[in-house]
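K.L.:
This is the structure, below, for whatever I ask next.
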Amino acid sequence: MPLLEIKNLKLDFIAGDKSLRAVDDVSITINAGETVCLVGESGCGKSVTALSIARLVPTPPARYVGGEILLNGRDVLKMSKTDLRGIRGGVVSYIFQDPSASLNPVFRIGNQIKESLKLHRPEKATDEEVIRLLKLVGIPAPESRIKDYPHQMSGGMQQRVMIAMALASEPKLLVADEPTTALDVTIQAQILDLLLDLKKRMGMSILLITHNLGIVGDMADRVAVMYAGQVVEMSPALDLLRRPLHPYTKALMNSVPKLSSNLQRLSAIPGNVPTLGNFPSGCRFYPRCPSAQPECANTMPQLVEVEPNRWVRCLYAKSL
Amino acid sequence: METSPQPSATEAIAKADLAIASPWQVFWRRLRRHRTAMFGAVILVILYLTALFAGFIAPYGYERQDRERFFHRPMALRFQGGLAVQQYEPAPGSSKYQAVKGEVQRIHFFVRGDKYNLFGFIPSTLHLFGSGDPKHPINLLGTDQYGRDIFSRLLYGSQISLSIGLIGIVLRFGLGMVMGGISGYFGGKIDSFIMRFCELIMSIPALYLIMSLRATFPANLSSTQVYLLIIAILSFIGWASSARVIRGMALSLRERQFVLAARTLGQRDRHVILKHILPGTFSYVIVAATLSVPYYILGEVVLSFLGVGIQEPDASWGIMLNAAQNPEYLTNYPWLLAPGVAIFITVLAFNFLGDGLRDAVDTKS
Amino acid sequence: MNLLEVKNLKVHFPVKHGLFSRVKAHVKAVDDVSFTIQPGETLGLVGESGCGKTTLGRAIVKLVEPTAGSIYFEGEDIAQLSGAELRARRRKFQMIFQDPYGSLNPRMTVGQIIGEAIDIHQLAESSSARQKRIMELLKAVGLDPIHAQRYPHEFSGGQRQRIGIARALAVEPKLIVCDEPVSALDVSVQAQIINLLQDLQQQRGLAYLFIAHDLAVVEHISRRVMVMYLGKVVELAEAKAIIRTPKHPYTQALISAVPEVDPDSKRKRIVLPGDVPSPINPPSGCPFHPRCPIAQAPICQVDVPSLREVTPGHWAACHFAK
């Protein structure tokens, strides 16, 4: 049984008398010990999908319209509030893009980690355990850092503290939402290394949300690419990077400059990323798609397995 | 990656709705949806219209005394062969009045009466209504200790009390924006100097400052001069706190990239402040100004109450309340408190509108 | 002749403390930086946050006052100019900003935003000529001329960045400082803006100082690349040379840290320990030595390495570069 199984998740945002589909028929599975990357641009629904795993999206304005989120076989969408509290931070932990906004500026970081321990492992809410966690995430001289306030630390160190807090409950799944986007490249490399190392040592699964295809190659076992609320391609990571099948994935990879590539000109994707409420009918990528056919404007393609383990949402996936 | 973490759906829908609308249109649409604000706005429109046409609506001049009728009680409206008021006669053995059963005084519309100048310069004697009979005046809200019609004085008084706030905020926020904008945009020594000066003003207890400023001017000023003086004093005290807030906003706007862009283009400092910095503070200024109008109305009341404001026989809500401060009057002639009710309604209406404005300008985009 | 020549430029910010604002220390945001830009050339500038690259860009367009040094623009030193003299020269060097949401005044229409630039330098004789110029500029950056009537909030990030470019072009500059122009944009839109900048450069002979933290983008658009660390230039060379054969250990680590899309790349990642030190108290000697994998005592702790030409056209500030 997979650790997490999101099946045909549909989520609307309600505002006034309108209801907008932000997540449309998204299915993702994550096995124990696996790293899955969720790739997409702003407004594609990747963060909302990830937050849904612990039902962290406020309802209203959101409303779950369909599907299931099976965590260890139990549907999160049907859980009671008490059960949800056990899930949040217990089975699933989150880290976010901006650690300085996620840490409380008026408490010492040691106390913040201890709070997290008190909630999930009260018997271990000690200074020793806090120091062990800080050491685990590679903070030098943790004995002296537990008395620090968040503002005394750099962005990279703050993100390590966030990871330590997330690990305090020994989660089965760590959801990392753009954890390195706010950090410099050399610090990003440190954090990604740390995540890989922790995954090996603690045997947890990671759902890594990113817009950076480069990170996928370094981190992921499998990738799901999202566009305008839908998964458009899902594949083992290396297969996808070597040979993307969906026109959007292809275009995205071609539009990013690569080191030492000698390209004179980038092949840009025309148009803009559609915003919520303005998704085209039919295939949502067709207005920007280089290989769009007349049929694409009318028929919404389904996510189908075109090759073993390779799922693509494109009418012409096989012929392209 | 557009870094705003999760654009909420509400925002997305709002944006779709508001496409092709200027920021002012957006603001106006949001304000119109705010029920209490629109309620406050309607009340204020009515109040200001009546103030504008005070001479026409008031049946009598603010100075007219009726020696026969001191402290007459408000007259009840009747409908008897047309709109009319109850007739009263002095109660035997007391200073009070009692109704004469069955006797009414018809109200006539568009009658000639006391002279007044409409808008201050069109002489006229036409009044919206009156009795047409000097023996039987119509005192809808009763009379005061000199037998003057309170309803008429309330309307004349509203001209002073309501305009004092509007002129006051223009002065206060005009000064506040200029000083705060300069202070925040240039920073450094200019900023320190202006801010220390603001703190100096703010550190003196307001009442002492008002009294001492008033004392520097001669006591026997005309009402118009006093009126202007009150505005000037209240604005002088108020601008410092506004300037501090605007300076804080200017300080952060100065670092915004569109301000940097204007500087890079070679825009003059004066234009940068006027075109890019100050419009960014409008949202605060509109709200703060609306919410500070009551401060001027009440300031005039306090000064008149202390005897250093508008002088009799001119009418203002403050001077009318001043007359009502005798406890004996209050228990026997509670209608003298009518200006208090008017102040209450006005202040409440301004606060309703201010709240709505605050909500309307509070956009994330 | 050089379009721009920066000589020994320093920008130091005082750090004030206490009631009487005593100056306690200086942040050496830009410390003794020299370089040139030729007409029509793109010079890339990379570095991590806090390295001083944004301050350097702003000093060149005179948004911050240089503490010392010279900025020769077309042979004339503008470092000490101010007032009307500076304003008149401003149209020759413009800036494009990072934040497409913050760089346009939300209360002005697109037409007013571009029109302001035209008005400041009186570049249109009549209002119809002014209108025509606004239309041309919008077309030049790939927008529909009817967009002049609209407000910035109606546009997507990429479109707003195009408006910012049109505003800069309105005064016909020769140099544009591009401060992270694509890093706040969606990945699929970044290439559009990069291509647009390259097209405009060819059509109009513009020179760019292209500031970014994304090495791949900088390599793609630049002829030469300059790497900064703690206010100093540590390496300067042709773009291809700096990516393929970096001489400075910091540049080597920076390049190795870029996540690779190509899963079969054999590049080995060098993970630098620690954080960038505070520019208030930079390390003695070579500012990079506490994190440097090849640092040797005592030379790296004591001697500040100067930027020297290691191979022809390839400059590096490292004692061991060869």
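The values are calculated or read from the model by the stated rules, or taken from the named source; none is laboratory data. Given the structure is predicted, the values throughout are model-derived calculations rather than measurements. We place every Cβ from the backbone using ideal geometry, glycine too, and count neighbours over all the protein chains shown. Just so you know, the surface numbers come from the protein's heavy atoms only, side chains and all, with ligands and any DNA or RNA stripped out. Shrake-Rupley method; radii C 1.70, N 1.55, O 1.52, S 1.80 Å.
K.L.:
Scanning region A:64-98 for residues that are charged (D, E, K, R) and not in a strand (DSSP E or B), which turns out surrounded by the most Cβ atoms within 10 Å (Cβ to Cβ)?
P.N.:
For region A:64-98, the residue satisfying everything is A:ASP98.
K.L.:
Look at region B:87-109 and say how many of its residues are in contact (Cβ under 8 Å) with a residue 24 or more places away in the chain and assigned to a strand (DSSP E or B).
P.N.:
6
K.L.:
Name the residues in region B:253-298 that are of a type in the set (S, T, N, Q) and either closer than 30 Å to C:LEU175 by Cβ or touching a Leu at 6+ places or on another chain (Cβ under 8 Å) (or both), would you?
P.N.:
Result: B:GLN257, B:THR264, B:GLN267, B:THR281, B:THR290.
K.L.:
So, of the residues in region B:245-272 that are surrounded by 23 or more Cβ atoms within 10 Å (Cβ to Cβ) and among the β-branched types (Val, Ile, Thr), which turns out to be farthest from B:PHE350 (Cα to Cα)?
P.N.:
Out of the qualifying residues, it is B:THR264.
K.L.:
I'd like the residue in region A:109-140 that is within 26 Å of A:ASP193 (Cα to Cα) and in a loop (DSSP other than H, G, I, E, B) and, out of all such residues, is farthest from the chain's Cα centre (by Cα).
P.N.:
It comes out as A:PRO140.
K.L.:
I would also like to ask the following. Going by the structure shown, is C:GLU238 of a type in the set (Asp, Glu), in contact with a strand residue (DSSP E or B) (Cβ under 6 Å, 6 or more places away or on another chain), within 14 Å of chain A (Cβ to nearest Cβ) and open to solvent by 30 Å² or more (accessible area, probe 1.4 Å)?
P.N.:
yes
K.L.:
Residues A:ALA22, A:ALA32: which one is away from chain B (no Cβ under 14 Å), in contact (Cβ under 8 Å) with a residue 60 or more places away in the chain and either open to solvent by 60 Å² or more (accessible area, probe 1.4 Å) or under 25 Å from C:GLY157 (Cα atoms) (or both)?
P.N.:
A:ALA32
K.L.:
How do the pairs read when you match residues in region B:71-86 that are in contact (Cβ under 8 Å) with a residue 24 or more places away in the chain with residues anywhere that are among the aromatic types (Phe, Trp, Tyr) and assigned to a loop (DSSP other than H, G, I, E, B), using Cβ under 7 Å and keeping only pairs 6 or more apart or on different chains?
P.N.:
From region B:71-86, the pairs are B:PHE71/B:TYR333.
K.L.:
Right, here's the next one. Does A:ALA182 satisfy the condition of being in contact (Cβ under 8 Å) with a residue 60 or more places away in the chain, open to solvent by 10 Å² or more (accessible area, probe 1.4 Å), within 20 Å of C:VAL276 (Cα to Cα) and within 14 Å of another protein chain (Cβ to nearest Cβ)?
P.N.:
yes
K.L.:
So how many residues does region A:235-291 have that are exposed (fewer than 15 other Cβ atoms within 10 Å of the Cβ), more than 7 Å from chain C (Cβ to nearest Cβ) and in a helix (DSSP H, G or I)?
P.N.:
Total meeting the criteria: 0.
K.L.:
If I go through region C:224-245 residue by residue, how many of them are in a loop (DSSP other than H, G, I, E, B) and at pLDDT 95 or above?
P.N.:
Of the residues in region C:224-245, 0 are in a loop (DSSP other than H, G, I, E, B) and at pLDDT 95 or above.
K.L.:
Every residue in region C:144-154 that is touching a residue at least 24 places away in the same chain (Cβ under 8 Å) and surrounded by fewer than 23 Cβ atoms within 10 Å (Cβ to Cβ), please.
P.N.:
Once the filter is applied, which keeps residues that are touching a residue at least 24 places away in the same chain (Cβ under 8 Å) and surrounded by fewer than 23 Cβ atoms within 10 Å (Cβ to Cβ), region C:144-154 yields C:HIS147, C:ALA148, C:GLN149, C:ARG150, C:HIS153.
K.L.:
So which of A:VAL106, A:VAL175 is open to solvent by 60 Å² or more (accessible area, probe 1.4 Å) and away from chain C (no Cβ under 14 Å)?
P.N.:
Of A:VAL106, A:VAL175, the one residue that is open to solvent by 60 Å² or more (accessible area, probe 1.4 Å) and away from chain C (no Cβ under 14 Å) is A:VAL106.
K.L.:
Here's another thing I want to ask about it. Answer yes or no: is there a residue in region C:34-57 that is facing chain B (nearest Cβ under 10 Å) and either closer than 19 Å to B:ARG270 by Cα or of a type in the set (D, E, K, R) (or both).
P.N.:
no
K.L.:
Could you look through region B:134-183, keep only residues that are of a type in the set (Ser, Thr, Tyr) and not in a helix (DSSP H, G or I), and pick out the one that is farthest from B:ARG254 (Cα to Cα)?
P.N.:
If we take residues in region B:134-183 being of a type in the set (Ser, Thr, Tyr) and not in a helix (DSSP H, G or I), then B:TYR146 is farthest from B:ARG254 (Cα to Cα).
K.L.:
Continuing with this model, one more query. Within region C:58-77, is there a residue that is within 10 Å of chain B (Cβ to nearest Cβ), out of contact with any strand residue (DSSP E or B) (no Cβ under 6 Å at 6 or more places or on another chain) and assigned to a helix (DSSP H, G or I)?
P.N.:
yes
K.L.:
I'd like to check which helices (runs of 4 or more DSSP H) are fully inside region B:251-330 and have at least 3 residues that are within 14 Å of chain C (Cβ to nearest Cβ) and more than 23 Å from B:PHE217 (Cβ to Cβ).
P.N.:
By residue number, B:257-265, B:282-305.
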